């Protein structure tokens, strides 16, 4: 019989050592942009503490940067690393959808 517990432990170790490179596209300091950043920061601090970077790209200042990641709506979050690239559009208010969309394994909350 094959024991895959070591394989599972290796996968968890790899998962825990990932650095998440996230880019949030916004257009100025709009309420939706501010909400998206606040929600993203809270999700990252809860589930990726110490293992993430967030780059905020303001398309009102640099609209040409939208072309690189094919941004069609804002706010848009792009997960650059780990690959594959993933995108989520909106304020990121639904934590469960963000976790699923970015393939982040939730941290179990202690009651």
Of all DSSP beta bridges with both partners in the stretch 18-102, the antiparallel percent, nearest 5, is 55 percent
Mean separation of Cα contacts under 8 Å (at least 6 apart) over the residue count of the stretch 18-102, i.e. the relative contact order in percent, is 41 percent
Packing-wise, with mean Cβ within 10 Å as the measure, how do 44-55, 87-98 rank, highest first?
87-98, 44-55
So for R0 = 25 Å, FRET eff. of residue 73-residue 99 from the Cβ-Cβ r, to 0.05, ends up at 0.75
Compute the FRET efficiency between residue 85 and residue 45 as 1/(1 + (r/R0)^6), taking r as their Cβ-Cβ distance and R0 = 30 Å, and round to the nearest 0.05.
0.85
Equivalent-ellipsoid semi-axes (√(5λ), Cα gyration tensor) for the stretch 18-102, whole Å, largest first?
19, 15, 11
Between residue 107 and residue 53, what FRET efficiency comes out of the Förster formula 1/(1 + (r/R0)^6) with R0 = 22 Å and r the beta carbon distance, rounded to 0.05?
0.75
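Every number here is computed from the coordinates shown, using simple stated rules; none is lab data. Treat the numbers as computed from the prediction; the structure is a model and nothing was measured. Cβ sites come from the backbone with ideal geometry, for glycine too, and all protein chains shown count toward neighbours.
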